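So the structure is just underneath, and the comments pick up after that.
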Amino acid sequence: MKLLVGEAEEPPSRPKATSRILTKSHLPIKALTPAPGPAAPHLDAVVVRMERFPVGPRTRSFRKRYFPEVDPAQWNDWRWQARARIRSLDELSRIFVLSEDERDAVARHQGSLPLGITPYYASLMARDDAMEPLRRTHIPVGSEYLKTPGEADDPLGEDGHSAVPGLVHRYPDRVLFLATGFCSTYCRYCTRSRMVGEPGGEYSFSRPQWEDALNYIADHPEIRDVLISGGDPLTLSDERLDYLLGRLRGIKHVEFVRLGTKVPVVLPMRVTRSLIKVLRKHHPLWMSLHFTHPAELSPEVSEAVTRLADAGIPLGSQTVLLKDINDSVETLKDLFHGLLMRRVRPYYLYQCDPITGSAHFRTSVDKGLQIMQGLRGHTTGYAVPTYVIDAPGGGGKIPLLPDYVVGRDGEDLVLRNFEGNTYRYHDPEGTVGGDRPLDRDTL
């Protein structure tokens, strides 16, 4: 898939001051601007204030130690956070005690999926423990340069299902709209590692590409559901996001719009009051958030998801199962309970996609099913996501469940519950379980 001219890698700049006086009101942007509404009353001066945002104690201590010149207002400016991302070996070494494996892996990297960590998200990571979960998901190691059997750069076949550049039409009534190749942080197991973080590379994103995708959606009335992803769509400016959502809402057969994002987790101060105003305009709007570990449930993240939930946006979490990071019942239960307390519904637990260089992140499917068995019945059903494999080659999401069918005894279906006890369900016309011989000692 060859797209058009790339966009800027970083978001626009923002003043450092907490407030200032503008002698002229803002002019509209020249590109991707919604149609103007009624003229606002003329203002000789407009006061712009940066809003307050909580800062957790761990993050506050980190800022004072590693960014002493940055005041709280600037720290809470999401644009500053994006520009100040840790992107080089020198920057990384200033904060973290790196292992030789990490140091060598960062030094040899080229191309897409670069190093990129917001200062905020770095504040949640251990400085001297290379095995700490959040750190392992974002600092490269040598294993990501090893390709194992079954891995591919595009294992889900997204390029092959692209109707037009940047628009994946795999399911009958749904499309995936790739709006940007920029992320505020780069997860090392990223499904789209081939296309993110490399302006001017093979994959890039532009206004003409957006328009081609929007025209395709408008010309296909069977499309009722659009998932906007990337990259991360919440790294777009309010104006561009407003434009895109407005265009989609203007297509009558589009009923359902979703945003897939990790920004509220790694850049929570992006969820500004002005962003909330934009999102409120385009209901019904849903959001899929990418949570990985309970360590992400900071005061800042709690504030971000509270703002989104209060805006009437249903929130779901999509978590990737990662070896030695979150692959235990205890860790995931803590995460899912914490999400529910913050009004985020655990939605999917993904088996890690076979991206090139990701074998060190993948568990066995057996492990995933064991975890699901340890969740189902042992906690509220709201805290139990659907465990899925996104089938290689473009087969879509395939749900996996522990097997609770023991067999069939005449007209009775014999089932096993979460405690291991067996129960009969009278099912005279059924066939499920008929191919399984019963151990009479279990009846």
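The values are calculated or read from the model by the stated rules, or taken from the named source; none is laboratory data. The structure displayed is predicted, hence computed values, not measured ones. Don't worry about glycine lacking a Cβ; one is built from the backbone with ideal geometry, like all the others, and counts go over all protein chains shown. Ligands, DNA and RNA are stripped out before the accessible areas are found, and what is left, the full protein with its side chains, is counted by its heavy atoms. Shrake-Rupley method; radii C 1.70, N 1.55, O 1.52, S 1.80 Å.
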- Task: Please list 279-285, 377-383, 227-233, 164-170 highest first by mean number of surrounding beta-carbon atoms within 10 Å per residue.
- Result: 227-233, 164-170, 279-285, 377-383
- Query: Taking +1 at the Cβ of each Lys and Arg and -1 at the Cβ of each Asp and Glu, which of Thr386, Pro54, Thr180 sits farthest along the dipole of the chain towards its positive end, judged by Cα position relative to the Cα centre?
  - Reply: Pro54
- Message: If I fit a long axis through the Cα atoms of helix 329-341 and take the longest principal axis of the Cα atoms of the chain, what angle between them do I get, 0 to 90°, rounded to 10?
- Response: 50 degrees
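Provide the three semi-axes, in whole Å and in decreasing order, of the ellipsoid equivalent to the stretch 172-326 as defined by the square roots of 5 times the Cα gyration tensor eigenvalues.
Details: eigenvalues 121, 77, 43 Å².
They are 25, 20, 15 Å, listed largest first.
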- Message: Give me log10 I(q)/I(0) at q = 0.11, 0.13 Å⁻¹ for the stretch 236-309, Debye formula, one equal scatterer per alpha-carbon, no solvent.
- Response: -0.29, -0.40
- Task: Inverting the mean 1/r over all pairs of different Cα atoms, compute the Kirkwood radius of the stretch 296-347 and quote it in Å.
- Result: 11.6 Å
- Stokes-Einstein D for the stretch 56-187, Kirkwood Rh over Cα pairs, 10 °C, 1.306 mPa s (µm²/s): 93 µm²/s
- Task: Would you work out which of His337, Ala152, Thr235 lies farthest towards the positive end of the dipole of the chain? Charges go on Cβ: Lys and Arg +1, Asp and Glu -1.
- Result: Thr235
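Would you kindly calculate the mean projected area, averaged across all directions, of the convex hull enclosing the Cα atoms of the stretch 312-434, in square nanometres? Provide the component values of the computation, followed by the final result.
Values: hull surface 40.6 nm².
Mean projected area for the stretch 312-434: 10.2 nm², to one decimal.
Take the Cα pairs of the chain, get the Kirkwood Rh, then feed it into Stokes-Einstein at 25 °C and 0.890 mPa s and tell me D in µm²/s.
Details: Rh = 23.7 Å.
Estimated diffusion coefficient is 103 µm²/s.
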- Segments 288-296, 142-150, 388-396, 343-351 sorted - mean Cβ within 10 Å per residue, highest first: 288-296, 343-351, 388-396, 142-150
- Query: Mean shadow of the stretch 67-114, computed from the convex hull of its alpha carbons, in nm²?
  - Reply: 4.2 nm²
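Rounded to the nearest percent, how much of the accessible area of the stretch 125-274 (1.4 Å probe, protein heavy atoms only) is carbon and sulfur?
Numbers: 2570 of 5010 Å².
Taking all protein chains in place, the stretch 125-274 shows 51 percent carbon and sulfur surface.
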- Message: Explain nothing, just the number: dipole magnitude of the stretch 150-264 about its Cα centre with +1 on each Lys and Arg Cβ and -1 on each Asp and Glu Cβ, in debye rounded to the nearest 20.
- Response: 320 debye
- Message: Output needed: percent of Cα pairs per 5 Å distance bin for the stretch 398-443, bins running from 0 to the one holding the longest distance.
- Response: 5, 23, 31, 23, 13, 4, 1
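Please compute the per residue accessible area over the stretch 53-99 with all protein chains in place, 1.4 Å probe, rounded to a whole number of Å². Show your work: numbers first, answer last.
Working: 2230 Å² over 47 residues.
Normalised by residue count, the accessible surface of the stretch 53-99 is 47 Å².
Treating only the Cβ of Lys, Arg, Asp and Glu as charged (+1, +1, -1, -1), what charge dipole size does the stretch 333-443 show about its Cα centre? Round to the nearest 20 debye.
Working: 13 positive and 14 negative charges, 139 e Å.
Magnitude of the dipole: close to 660 debye.
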- Message: Can you give me the angle between helix 365-375 and the longest principal axis of the chain, using Cα atoms only, in degrees from 0 to 90, rounded to the nearest 10?
- Response: 90 degrees
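When Rg is the radius of gyration of the Cα atoms in the stretch 187-259 and Rh is its Kirkwood radius, what does Rg/Rh come to? The partial results should precede the final answer.
Working: Rg = 13.4 Å, Rh = 13.6 Å.
Ratio value, two decimals: 0.98.
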- Message: I want to check the label-to-label distance for His378 and Val329. Put each point 7 Å from Cα in the C-beta direction and report it in nm to one decimal.
- Response: 0.2 nm
- Task: Across the chain, how many lysine pairs, 8 or more positions apart or on different chains, have C-alpha atoms separated by under 18 Å? Please give the number.
- Result: 6
- Message: To test your reading of the geometry: what angle, between 0 and 90 degrees and rounded to tens, separates the Cα axis of helix 207-218 from the longest principal axis of the chain?
- Response: 40 degrees
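So, R0 is 51 Å and r is the distance between the beta-carbons of Arg52 and Asp403; what FRET efficiency does that work out to, to 0.05? Intermediate values should be presented prior to the final figure.
Numbers: r = 51 Å, r/R0 = 1.00.
Efficiency, from the Cβ-Cβ distance: 0.50.
Taking the mean number of other Cβ atoms within 10 Å as a proxy for protection, how do you rank 413-425, 68-80, 317-329 from highest to lowest?
The most tightly packed comes first, giving 317-329, 68-80, 413-425.
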